[in-house]
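Beneath this line is the structure, given in structure tokens, with notes to follow.
The values are calculated or read from the model by the stated rules, or taken from the named source; none is laboratory data. On a predicted model such as this, the values are computed, not experimentally measured, just so you know. Every residue, glycine among them, receives a Cβ derived from its backbone with ideal geometry; neighbour counts consider all protein chains shown.
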Amino acid sequence: MAELSYGVGAILLAAGTAAGLVGTAGGITTLVSYPALLAVGIPALPANVANIVALPACWPGSALVSRPELAGKAPWLRRWAPVAAIGGALGAALLLSTPAGIFGRVVPFLVLAGSLALLFQPRLSAWRHQHHMQDSQLLLPAGVLLLSVYNGYFGAGSGVMLLALVLLTAEQHLARANALKNMLIGATSIVSAVAFILFGPVDWAAAGPLAAGMLIGSTIGPLAARRIPARLLRWLVALLGLGLAVWLWLHPGH
């Protein structure tokens with residue numbers, strides 16, 4: 001475990017703040033935090049572990065600020081948060097037992113699909129309603145489980161994909177869907193982080209300032225999601241997802 005300089009710690013604190021803000025506002029936390037870890041010289045696998053261990057710091061701030069959007073949603077969360085937690089545990093086990101980057105060529109297309117689904121969600125929801133499709137009973141649990149496995153394994157773009165899933169199956173109001181997405185991501189991240197803390201080496205010098213920044217940023221993100229017009233927020237998040245898909249396609253080893 002390398003000891004980082006104060007300057008690098010400040011960079012990771014700032015990156016964590018930006019990542020927490022972007023991620024809890026509906027975007028992609030890893031889009032900011034993971035490249036920042038790589039940029040300060042941390043290798044890909046330790047950077048991935050440090051990023052996953054830092055991610056639970058986004059949960060308390062976003063939960064506190066999102067109380068208006070989460071009002072009345074406790075039964076829904078009690079049903080699906082455990083599914084997300086199980087998926088996170090499976091994803092962490094997968095990362096601890098298989099080479100990093102095994103999905104390198106597949107993930108960009110998953111992120112692309114999630115970004116496009118988010119962008120066209122109003123039309124997709126209208127089409128499903130028009131054709132009286134009732135597949136959400138299977139789509140929601142399967143999607144939450146699979147995306148949580150991926151989130152526990154690496155997670156880049158999982159927020160966009162999960163937000164699109166919640167919008168299509170459970171909640172069409174963007175700010176409320178984003179709050180639910182944040183809680184599911186939180187359940188996944190906590191379990192994954194505990195697994196890595198117990199069974200995998202963690203670079204705490206990197207994870208610590210990153211987590212502190214994420215805690216700060218996550219108290220701002222839901223406020224931004226509440227105030228930004230839904231259509232603009234949808235476009236911003238989708239464009240971030242498309243950018244991440246391109247970056248992951250160009251850098252499959254990361």
Every listed condition ((1) modelled with pLDDT of 80 or more; (2) surrounded by fewer than 24 Cβ atoms within 10 Å (Cβ to Cβ)) holds for SER148 save (2)
Filter pass, THR188 being over 19 Å from ALA50 (Cα atoms), touching a helix residue (DSSP H, G or I) at 6+ places or on another chain (Cβ under 9 Å) and among the hydroxyl-bearing types (Ser, Thr, Tyr): no
How many of the residues in the range 170-182 are surrounded by 24 or more Cβ atoms within 10 Å (Cβ to Cβ) and either out of contact with any Lys or Arg (no Cβ under 7 Å at 6 or more places or on another chain) or not in a helix (DSSP H, G or I) (or both)? 5
In this structure, does VAL166 turn out to be touching a Phe, Trp or Tyr at 6+ places or on another chain (Cβ under 8 Å), surrounded by 24 or more Cβ atoms within 10 Å (Cβ to Cβ), part of a helix (DSSP H, G or I) and modelled with pLDDT of 80 or more? no
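Identify, please: which residue in the range 226-241 is within 15 Å of the chain's Cα centre (by Cα) and among the aliphatic types (A, V, I, L, M) and is, among those, nearest to ARG67 (Cα to Cα)?
Just the residues of the range 226-241 that are within 15 Å of the chain's Cα centre (by Cα), to begin with: 237-238, 240-241.
With the extra rule that they be among the aliphatic types (A, V, I, L, M), the set shrinks to 237-238, 240.
Numbers: VAL237: 22, ALA238: 25, LEU240: 26 Å.
Filtering first and then ranking leaves VAL237.
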